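One structure is given below, encoded as structure tokens.
The values are calculated or read from the model by the stated rules, or taken from the named source; none is laboratory data. Because the structure is predicted, anything quoted here is derived from the model rather than measured. Positions of Cβ are backbone-derived with ideal geometry, glycine not excepted, and every protein chain shown enters the neighbour counts. We work out accessible area using only protein heavy atoms, side chains counted, and drop any ligands, DNA or RNA first. Shrake-Rupley method; radii C 1.70, N 1.55, O 1.52, S 1.80 Å.
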Amino acid sequence: MTSPILPTPAPGVATRPRHLGLALLSLAAGGFAIGTTEFMTMGLLPRIADGIDESIPTTGHIITAYALGVVVGAPLLVAAGARLPRRELAVGLILALGLGNAVTALASGYLPVMAARFLAGLPHGAYFGVASLIAASMVAPHLRGRAISSVMLGLSVATVAGVPASTWLGQGLGWRSAYWVVLVIAVLAAAMILAFVPHLPGDRTATVARELTALRQPQVVLAVATGMVGFGGIFAMYSYVAPLVTEETGLAERAVPLFLLAFGVGSVLGTVLAGRLADWDVQRSVTGGFVASVATLLLVVPAAGSAPALLGLVLVVGALGSVLAITLQVRLMQSAGDAEMLGAALNHSALNVANGLGAWLGSVVIAAGYGYRAPSLAGAGLAVLGLLIFVVGSRVLDPGPKRQDPSATTM
């Protein structure tokens, strides 16, 4: 009998919800709040800059502050909360995210707003860590990849619905109103989690030191490095999609939202697909995702002159981003052993580092005079490097579970 994707909960622990769909929807609602607050800042950046009397480039540092909060908060909050009941921990984290958005809405001035965004980012990765563990515990082992992708679907849907709506609201009623709306969404998500998600005790034997020992495991370090480097390829291209559309494809600025929508739709489709791929074979899915990413990013270079071709490739990039993010998360949960919640949280730290790395590398090649197609080429290089790191981690240090027979295990 093959090993399940994740450890089975302790005997006697009731984790089956009365309404599985509503339980997963509740956890996804928290992801929707997180996705909305993470990405709407980009659309509201000029308004925020005017509101705090700073330049747009300087105000852009608040985006970095949020990402830094994710990187710092994910391992620390998960390790500190490992002994707490899972449902209550998830509620506390999503309410903390809402509080961070309320502080952002109330903050005045550059440094206070930046500090507020850092605070808002702290619960981000930790929430997805505990929510993924809860989702996995509510279903049979061969369906856990799909359960985890259901939680992540909230993040993807936010890019299609939450971000445009909150940006429109912020432009009409002032940028602070958008952050108040995120607070409302977070409170509603917390109420839904309490109503529909079953109680799941924490690990009474857990300590901060024991949880953080997972960071010393080579396979965990390499899995995190895979996400930090390899996923940066997606961000290298996507960070500069607006000038790519206007300068290389030759379209008007009003066409940019269409390409952003295509990326969001691709992200949603990729999230749905990723759950099934993770349940099929994590190792092959990650490998295939990287190979497809390399090919797609390379195709962007010659195809950027054609609007229909570029639109299709942007959609595919969005889908591959979700496939890699979710399958890498499952892989990290496997590698972390008893600290699987920390593994899931670390994935979001890695992805935020990848965001910064990809955007930075893209700016380097653009500044060197290679044009707006060059970030995609640099991104393909990052994806190749990420694939190599993943192969080392999975083939040499930790073979990992192979394809699972759905009939082999049951809850």
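Overview of values
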item: Residue check for Ala107: of a type outside the set (D, E, K, R) and touching a helix residue (DSSP H, G or I) at 6+ places or on another chain (Cβ under 8 Å); result: yes
item: Qualifying helices (runs of 4 or more DSSP H) (wholly inside the range 17-126; at least 3 residues being closer than 22 Å to Thr271 by Cα, open to solvent by less than 10 Å² (accessible area, probe 1.4 Å) and not β-branched (Val, Ile, Thr)); result: 20-52
item: Flag for Leu351 being touching a Gly at 6+ places or on another chain (Cβ under 9 Å), under 17 Å from Val294 (Cα atoms) and open to solvent by 10 Å² or more (accessible area, probe 1.4 Å); result: no
item: Single condition Val317 does not satisfy, out of (1) open to solvent by 10 Å² or more (accessible area, probe 1.4 Å); (2) in contact (Cβ under 8 Å) with a residue 40 or more places away in the chain; (3) touching a Ser or Thr at 6+ places or on another chain (Cβ under 8 Å); result: (1)
item: Checking Tyr372 against (1) over 30 Å from Gly202 (Cβ atoms); (2) assigned to a helix (DSSP H, G or I); (3) at pLDDT 85 or above, the condition it does not meet; result: (2)
item: Scan of the range 169-199 for residues that are part of a helix (DSSP H, G or I), of a type outside the set (A, V, I, L, M) and open to solvent by less than 50 Å² (accessible area, probe 1.4 Å), ordered by number; result: Gly170, Trp175, Ser177, Tyr179
item: Residue satisfying condition, being assigned to a helix (DSSP H, G or I), open to solvent by less than 10 Å² (accessible area, probe 1.4 Å) and more than 19 Å from Ala380 (Cα to Cα), within set Gly275, Gly289; result: Gly275
item: Tally, over the range 292-340, of residues that are among the charged types (D, E, K, R) and not in a helix (DSSP H, G or I); result: 0
item: Breaking point among (1) assigned to a helix (DSSP H, G or I); (2) touching a residue at least 60 places away in the same chain (Cβ under 8 Å); (3) open to solvent by less than 40 Å² (accessible area, probe 1.4 Å), for Val384; result: (3)
